[in-house]
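Report on the structure given below.
The values are calculated or read from the model by the stated rules, or taken from the named source; none is laboratory data. Small disclaimer: the values here were computed from a predicted structure and weren't measured. Cβ placement follows ideal geometry from the backbone for every residue including glycine, while neighbour counts extend to all protein chains displayed.
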Amino acid sequence: MNQQLRSEPVAFIDIGAQRRRLGKSIDEAVGRVLTHCQFVNGPEVTELENQLAAFSGAKYVVTCASGTDALLMVLMAKGVGPGDAVLCPSFTFCATGESVALTGATPVFVDVDASTFNIDVASLQHGVAAAKRLGLKPKAVIAVDLFGQSADHDAVEALAKAEGMFVLDDAAQSFGASYKGKRLGGFGAITATSFFPAKPLGCFGDGGAIFTDDADLVSVLRSIRVHGQGSDKYDNVRLGLTGRLDTMQAAILLEKLKIFEDEIAARNQVAERYARDLGNVVTVPHIAAGNTSVWAQYTIRLPQGDREGFAARLKAEGVPTAIYYPKPMHQQTAYRHFPVADGGLPVSEALSSDVISLPMHPYLDEATQGRVVRAVRNAVSG
Ligand SMILES: *Cc1c(COP(=O)(O)O)cnc(C)c1O
């Protein structure tokens with residue numbers, strides 16, 4: 001390998017490469033907003049909602065200010081509050097459980113499946129039992145589609161239905177992925193996503209969206225998005241938020257959506273290479289039958305041992321890594337007083353000590369993929 005290549009560190013996520021590819025089209029889209037000056041509720045917002053609906057197959061899309069607001073707005077619209085239990089996996093980004101706690105409801109943490117890292121339905125049942133014993137009303141499940149891959153939605157939906165709960169799908173990391181041939185957001189569940197820059201479809205700031213087929217829910221969400229406004233602008237009928245997506249971000253997302261399919265394909269090529277060349281030295285991700293992934297993260301499990309040393313050996317080769325997540329939610333300071341499913345959460349705890357994520361983005365060329373592969377193989381054997 002030549003010195004030049006060796007000295008340049010690999011990008012973990014390369015937002016700059018996409019920016020260079022889109023160049024002028026983004027500049028022009030932003031320029032149009034600067035010309036019409038409708039910075040809030042501009043025409044690009046409605047256009048984006050229509051295009052996201054077409055892309056996902058959802059009947060309605062409500063854009064909003066972040067992925068966290070997307071989750072929170074749905075819980076608010078459904079009247080979730082004190083005395084309610086909302087079940088969610090512990091092995092996830094904190095916003096999943098945070099949105100629940102913000103409503104005054106109680107997050108009840110459940111375990112995940114060791115091969116997909118997504119919610120474990122047996123543990124979900126144990127979480128419902130724990131909630132009931134504590135006198136809470138099981139009201140909802142937030143299924144998370146972690147690292148780009150869909151949860152087992154049919155199984156979650158069946159259990160939720162039997163227990164009288166609704167399902168909110170946290171697809172912040174997985175918009176663009178599919179479940180049994182349908183895109184997330186397009187198979188009937190209420191789905192939330194995020195457009196944070198590092199997500200598979202990211203804007204240049206914060207943003208999010210909600211996908212649903214329920215027209216009544218949409219009208220409540222649109223009200224919550226603007227402080228709970230009613231038909232009379234000055235008679236607010238419920239509590240809400242400043243929850244809108246900026247027009248500028250919508251304009252940027254419209255340009256990015258045009259290359260999103262192509263980027264998903266490129267991510268899948270990187271994932272195939274990693275799986276082929278690393279599958280015999282580390283535990284590579286398992287994609288369940290019926291799923292496709294958008295590879296928000298490429299997360300491997302290490303054989304017993306020294307994760308810090310492994311990361312340091314990769315870093316010395318110019319290959320960055322990240323740990324998602326070093327602590328499951330039920331062990332974090334702000335959340336450890338909340339209940340967990342009966343039987344505990346052993347898989348979440350084990351994963352948080354042995355997972356590590358490798359560079360993953362659509363602009364990782366074959367030479368650089370090879371560099372990552374060699375560095376991992378050397379680090380495992382060394
Ligand atoms: C990023 C993320 C969120 C929150 O999205 P923001 O846009 O950052 O508010 C929620 N859930 C999961 C699983 C995430 O990864």
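Please go through region 284-300 and give me each residue that is among the β-branched types (Val, Ile, Thr) and within 16 Å of the ligand (Cβ to nearest atom), ordered by number. Val294, Thr299, listed by residue number. Residues in region 80-128 that are of a type in the set (Phe, Trp, Tyr), within 12 Å of the ligand (Cβ to nearest atom) and in contact with a strand residue (DSSP E or B) (Cβ under 6 Å, 6 or more places away or on another chain): Phe91 alone. Beta carbons closer than 6 Å, at least 6 apart along the sequence or on distinct chains, pair a first residue in region 138-157 that is within 16 Å of Pro107 (Cβ to Cβ) with a second that is part of a helix (DSSP H, G or I) and among the hydroxyl-bearing types (Ser, Thr, Tyr) for Ile142/Thr96; Val144/Thr96. Each residue in region 316-333 was checked for being more than 21 Å from the chain's Cα centre (by Cα) and either among the acidic types (Asp, Glu) or more than 21 Å from Tyr274 (Cα to Cα) (or both), and 2 pass.
If the condition is being surrounded by 24 or more Cβ atoms within 10 Å (Cβ to Cβ) and among the hydroxyl-bearing types (Ser, Thr, Tyr), then region 67-92 contributes Ser90, Thr92. Contact map, region 63-74: residues that are in a strand (DSSP E or B) paired with residues that are near the ligand (Cβ under 8 Å from one of its atoms), Cβ distance under 8 Å, separation 6+ or inter-chain. Pairs shown: Thr63/Gly207; Thr63/Gly208; Cys64/Ala70; Cys64/Gly207; Cys64/Gly208.
Of the listed requirements (1) aliphatic (A, V, I, L, M); (2) modelled with pLDDT under 95; (3) farther than 29 Å from Ile264 by Cα, Val380 misses just one: (3). Is region 56-73 home to any residue that is under 21 Å from Tyr324 (Cβ atoms), among the acidic types (Asp, Glu) and within 16 Å of the ligand (Cβ to nearest atom)? For region 56-73, residues under 21 Å from Tyr324 (Cβ atoms), among the acidic types (Asp, Glu) and within 16 Å of the ligand (Cβ to nearest atom): absent.
Each residue in region 158-178 was checked for being in contact (Cβ under 8 Å) with a residue 60 or more places away in the chain and in contact with a strand residue (DSSP E or B) (Cβ under 6 Å, 6 or more places away or on another chain), and 7 of them qualify. When the residues of region 148-199 are filtered to those that are part of a helix (DSSP H, G or I) and not hydrophobic (A, V, I, L, M, F, W, C), the one that is nearest to the ligand (Cβ to nearest atom) is Gly148.
The set of residues in region 200-255 being closer than 17 Å to Gly42 by Cβ and assigned to a helix (DSSP H, G or I) consists of Arg222, Thr247, Met248, Gln249, Ala250, Ala251, Ile252, Leu253, Leu254, Glu255.
Taken as a whole, region 170-185 holds at least one residue that is in contact with an Asp or Glu (Cβ under 7 Å, 6 or more places away or on another chain), among the polar types (S, T, N, Q) and buried (at least 24 other Cβ atoms within 10 Å of the Cβ). Here Ala114 qualifies as touching a helix residue (DSSP H, G or I) at 6+ places or on another chain (Cβ under 7 Å), surrounded by fewer than 19 Cβ atoms within 10 Å (Cβ to Cβ) and not in a helix (DSSP H, G or I). Note on region 261-287: residues that are in contact with a helix residue (DSSP H, G or I) (Cβ under 8 Å, 6 or more places away or on another chain) and of a type in the set (Ser, Thr, Tyr) amount to 1.
As for region 29-45, it holds no residue that is within 16 Å of the ligand (Cβ to nearest atom) and more than 30 Å from Leu134 (Cβ to Cβ).
To keep it simple, each residue is scored yes or no on (1) within 20 Å of Ser174 (Cβ to Cβ); (2) within 20 Å of the chain's Cα centre (by Cα); (3) without any contact (Cβ under 8 Å) to a residue 24 or more places away in the chain; (4) within 16 Å of the ligand (Cβ to nearest atom).
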site: Ala209; (1), (2), (3), (4): yes, yes, no, yes
site: Asp216; (1), (2), (3), (4): no, no, yes, no
site: Arg225; (1), (2), (3), (4): no, no, no, yes
site: Leu241; (1), (2), (3), (4): no, no, no, yes
site: Ile259; (1), (2), (3), (4): yes, yes, no, no
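Among the residues of region 284-335, those that are crowded, with 19+ Cβ neighbours inside 10 Å, of a type in the set (Ser, Thr, Tyr) and in a loop (DSSP other than H, G, I, E, B) comprise Thr292, Thr321, Tyr324, Tyr325, Tyr335.
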